[in-house]
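Participant: Starting off with a structure, shown below.
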Amino acid sequence: MTDVDSLIVNLAKELLGEEVLDVLQFLLNKKIEITDDEIANELGVKVNEVRKKLYALADQGLVSYRRSRDKETGWYVYYWKVNRDQINDILLSRKREILTKLKTRLEYEQNNDFYICPEDKTKYTFEEAFENEFRCPRCGSQLEYYDSKSVREVLERKIKELEEQIEKETKLGANKSG
Ligand SMILES: [Zn+2]
């Protein structure tokens with residue numbers, strides 16, 4: 001399997017679960033466009049099941065189809081293929097989403113003081129600790145001030161890494177299309 005193919009498989013697994021992998025793997029191996037009927041026949045599963053998985057994969061941008069009317073039956077036939085070219089765009093937008101989440105989390109860490117229970121390690125904001133008179137609502141232990149410096153440092157490092165990756169990959173994408 002190529003790097004891109006294994007990326008696609010991993011992404012599909014993460015987003016949709018193991019059950020879509022048979023159809024995806026089949027499509028990856030084919031290298032050419034193929035109809036949902038052909039996939040169903042060759043895999044020996046119901047065509048409705050194949051279509052359900054294909055649409056789920058298409059919703060995530062991992063596969064796409066070309067529609068063509070069958071001259072004899074007059075019905076539409078769907079030819080499916082894996083979106084290998086678009087995989088980088090998909091990964092890039094996923095990285096942007098993660099970056100936004102990390103930044104929100106960092107802001108939260110920066111804007112709050114935290115207290116921690118020494119027994120069960122539950123973290124509380126200042127407000128929560130204050131409301132509970134600085135005692136753990138779960139076990140009653142005296143809460144201790146929690147310095148989130150190390151958490152912030154990890155977040156800052158990850159944010160920087162992601163920003164650098166995104167910048168690099170955005171440039172690569174721009175060069176390719178321009
Ligand atoms: Zn506790």
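Participant: Output the residue which, of all residues in the range 129-153 that are part of a helix (DSSP H, G or I) and open to solvent by 60 Å² or more (accessible area, probe 1.4 Å), is farthest from the ligand (Cβ to nearest atom).
Facilitator: To start, the set of residues in the range 129-153 that are part of a helix (DSSP H, G or I) comprises 129-131, 149-153.
Keeping just the survivors that are open to solvent by 60 Å² or more (accessible area, probe 1.4 Å) gives 130-131, 149-150, 152-153.
Working: Phe130: 16, Glu131: 15, Lys149: 22, Ser150: 21, Arg152: 23, Glu153: 26 Å.
The qualifying residue farthest from the ligand (Cβ to nearest atom) is Glu153.
Participant: Of everything in the range 91-143, what is in contact with a Leu (Cβ under 9 Å, 6 or more places away or on another chain), among the β-branched types (Val, Ile, Thr) and closer than 30 Å to Gly61 by Cβ? Give them in sequence order.
Facilitator: Ile98
Participant: Next question, about the same structure. How many of the residues making up the range 41-60 are surrounded by 17 or more Cβ atoms within 10 Å (Cβ to Cβ) and farther than 30 Å from Asn88 by Cβ?
Facilitator: Residues that pass the stated criteria total 0.
Participant: Output the number of the condition that Asp120 fails; it satisfies all remaining conditions of (1) within 16 Å of the ligand (Cβ to nearest atom); (2) assigned to a strand (DSSP E or B).
Facilitator: Of everything listed in (1) within 16 Å of the ligand (Cβ to nearest atom); (2) assigned to a strand (DSSP E or B), Asp120 misses just condition (2).
Participant: Sticking with this structure for a sec: Can you confirm whether the range 107-117 contains a residue that is part of a helix (DSSP H, G or I) and touching a residue at least 24 places away in the same chain (Cβ under 8 Å)?
Facilitator: From the range 107-117, those part of a helix (DSSP H, G or I) are 107-111; that's our starting set.
Next cut, touching a residue at least 24 places away in the same chain (Cβ under 8 Å) only: 109-110.
So far as the range 107-117 goes, yes, one or more of its residues are part of a helix (DSSP H, G or I) and touching a residue at least 24 places away in the same chain (Cβ under 8 Å).
Participant: Continuing with the same structure: Determine whether Lys81 is without any contact (Cβ under 8 Å) to a residue 24 or more places away in the chain and surrounded by 15 or more Cβ atoms within 10 Å (Cβ to Cβ). Full working, then the answer.
Facilitator: Numbers: without any contact (Cβ under 8 Å) to a residue 24 or more places away in the chain: no; surrounded by 15 or more Cβ atoms within 10 Å (Cβ to Cβ): yes.
No.
Participant: Name the single residue that is surrounded by the fewest Cβ atoms within 10 Å (Cβ to Cβ) among those in the range 94-120 being of a type in the set (D, E, K, R), within 20 Å of Ser150 (Cβ to Cβ) and more than 29 Å from the chain's Cα centre (by Cα). If you could, list the steps in order and put the result at the bottom.
Facilitator: First, the residues of the range 94-120 that are of a type in the set (D, E, K, R): 94-97, 101, 103, 105, 107, 109, 113, 119-120.
If we keep only those that are within 20 Å of Ser150 (Cβ to Cβ) as well, we get 101, 103, 105, 107, 109, 113, 120.
If we keep only those that are more than 29 Å from the chain's Cα centre (by Cα) as well, we get 113, 120.
Values: Asp113: 14, Asp120: 10.
Once the filter is applied, the top-ranked residue is Asp120.
Participant: Output yes when any residue across the range 61-75 is outside any loop (DSSP other than H, G, I, E, B), out of contact with any strand residue (DSSP E or B) (no Cβ under 6 Å at 6 or more places or on another chain) and open to solvent by less than 50 Å² (accessible area, probe 1.4 Å), and no when none is. Give the steps one after another, and end with the answer.
Facilitator: Initially, the range 61-75 is screened for residues outside any loop (DSSP other than H, G, I, E, B), giving 63-69.
Checking which are out of contact with any strand residue (DSSP E or B) (no Cβ under 6 Å at 6 or more places or on another chain) leaves us with 64.
Subsequent filtering for residues that are open to solvent by less than 50 Å² (accessible area, probe 1.4 Å) retains 64.
Yes, there is a match, as at least one residue in the range 61-75 is outside any loop (DSSP other than H, G, I, E, B), out of contact with any strand residue (DSSP E or B) (no Cβ under 6 Å at 6 or more places or on another chain) and open to solvent by less than 50 Å² (accessible area, probe 1.4 Å).
The values are calculated or read from the model by the stated rules, or taken from the named source; none is laboratory data. Remember, predicted model here, so these are calculated numbers, not experimental data. In this analysis, Cβ positions are derived from the backbone assuming ideal geometry, glycine residues included, and neighbour counts consider all displayed protein chains. Note: accessible area is taken over every heavy atom of the protein model, side chains too, but ligands, DNA and RNA are not part of it. Shrake-Rupley method; radii C 1.70, N 1.55, O 1.52, S 1.80 Å.
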